[in-house]
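The values are calculated or read from the model by the stated rules, or taken from the named source; none is laboratory data. The structure displayed is predicted, hence computed values, not measured ones. Glycine also receives a Cβ, built like all others from the backbone with ideal geometry; neighbour counts cover every protein chain displayed.
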Amino acid sequence: MIRIAAVGDIHLGTDSGGSFAPVVHDLIGHADVLLLAGDLTQHGRVAEARVVAAEVASAQLPVLAVLGNHDYHDDAEDEITRILVDAGVTVLEGTGTVLDIAGTRLGVAGVKGFGGGFAGASCSEFGEPLMKSFVRHSRERAASLGAAFEDLTCDIRVALTHYAPVPDTLIGERAEIYPFLGSYHLAEVIDAAGVDLALHGHAHAGSERGTTAGGVPVRNVARPVIGKSVARYEIAQDGCGDLAGSAPPASRVPAGEADSRAPS
């Protein structure tokens, strides 16, 4: 059983030192990996990235991350990535990695993703150059996630993104902004890659649980959604199991979920 801790949208600022390190420390013995689903900083500033790096530098478990839109705001995403990598974080952007956890190979591929919308209400690659560029970027980022999965040989597959792959986990947000919160292109890639669990952030007012058309469980781990420091999921080597009442009967779900729902 692989124990996954995940959270997105922690938005650490220059005054946030000491706020996240205890969370990481408390995962010792309770999680096998920590996945960070983007928006690690408030405004994408290098000084904020240094705070994030200091908070996770002493982690005693692998830390994998994607960046979010906030982390791009100051046009310092490359420097932010370098700072996090120097602190021991594996930053994924159209890339993946495989972890050997007690003999089980956990493959995680990640990408920030982008907007564009979902079936019946999505942007098309047509018209003005800026619109075509917007949709092309979304499609290309999703394709890079698929390419990353093609390179992974593993027993369990987890997709880590910032933007949402399905609208289910956006419920609670205004429908008008769905096209800026995610894209169906991500879900298509996730289904094609045979992913066992997809994690994302970004939608602070969304919902935790969703499912792709192909039955892959999707979890929105944005901190405002989960209502706690991290969400924890357990997934067996076969990648699926039944969890009564958590999803439609046809869907797959993680074999177990520990403290994964926000308090009502």
*Name the single residue, out of those in region 188-228 being within 13 Å of the chain's Cα centre (by Cα) and of a type in the set (Gly, Ala, Ser), that is farthest from residue 3 (Cα to Cα).*
203
*asked:* Can you report the number of residues in region 209-236 which are touching a Lys or Arg at 6+ places or on another chain (Cβ under 6 Å) and outside any strand (DSSP E or B)?
replied: 1
*Could you tell me which residue of region 19-62 is surrounded by the most Cβ atoms within 10 Å (Cβ to Cβ), considering only residues that are in contact (Cβ under 8 Å) with a residue 24 or more places away in the chain and at positive phi?*
38
*Taking into account only those residues within region 150-184 that are hydrophobic (A, V, I, L, M, F, W, C), surrounded by fewer than 22 Cβ atoms within 10 Å (Cβ to Cβ) and out of contact with any Leu (no Cβ under 7 Å at 6 or more places or on another chain), which is nearest to residue 226 (Cα to Cα)?*
171
*asked:* Would you confirm, using the coordinates I've provided, whether residue 205 is under 26 Å from residue 120 (Cα atoms), assigned to a loop (DSSP other than H, G, I, E, B) and modelled with pLDDT under 95?
replied: no
*Name the pairs: first residue in region 165-185 and farther than 26 Å from residue 143 by Cβ, second residue at pLDDT 95 or above and buried (at least 19 other Cβ atoms within 10 Å of the Cβ), Cβ to Cβ under 8 Å, at least 6 apart or on different chains?*
171/206; 172/203; 172/206
_Subset of region 81-100 (residues that are touching a Ser or Thr at 6+ places or on another chain (Cβ under 7 Å) and part of a helix (DSSP H, G or I))_ = none
_Among the residues of region 118-152, what is the count of those that are touching a residue at least 12 places away in the same chain (Cβ under 8 Å), in a loop (DSSP other than H, G, I, E, B) and closer than 28 Å to residue 197 by Cβ?_
4
*Identify all residues within region 112-136 that are touching an Asp or Glu at 6+ places or on another chain (Cβ under 6 Å) and not charged (D, E, K, R); write none if there are none.*
135
*Is one or more of the residues making up region 42-53 within 21 Å of residue 144 (Cβ to Cβ) and in contact with a Leu (Cβ under 6 Å, 6 or more places away or on another chain)?*
no
*Look at region 63-89 and say how many of its residues are closer than 21 Å to residue 18 by Cα, in contact (Cβ under 8 Å) with a residue 24 or more places away in the chain and surrounded by fewer than 18 Cβ atoms within 10 Å (Cβ to Cβ).*
2
*Does region 90-97 contain any residue that is touching a helix residue (DSSP H, G or I) at 6+ places or on another chain (Cβ under 8 Å) and among the charged types (D, E, K, R)?*
yes
*Quick one: would you say residue 38 is of a type in the set (Gly, Ala, Ser) and more than 20 Å from residue 221 (Cα to Cα)?*
no
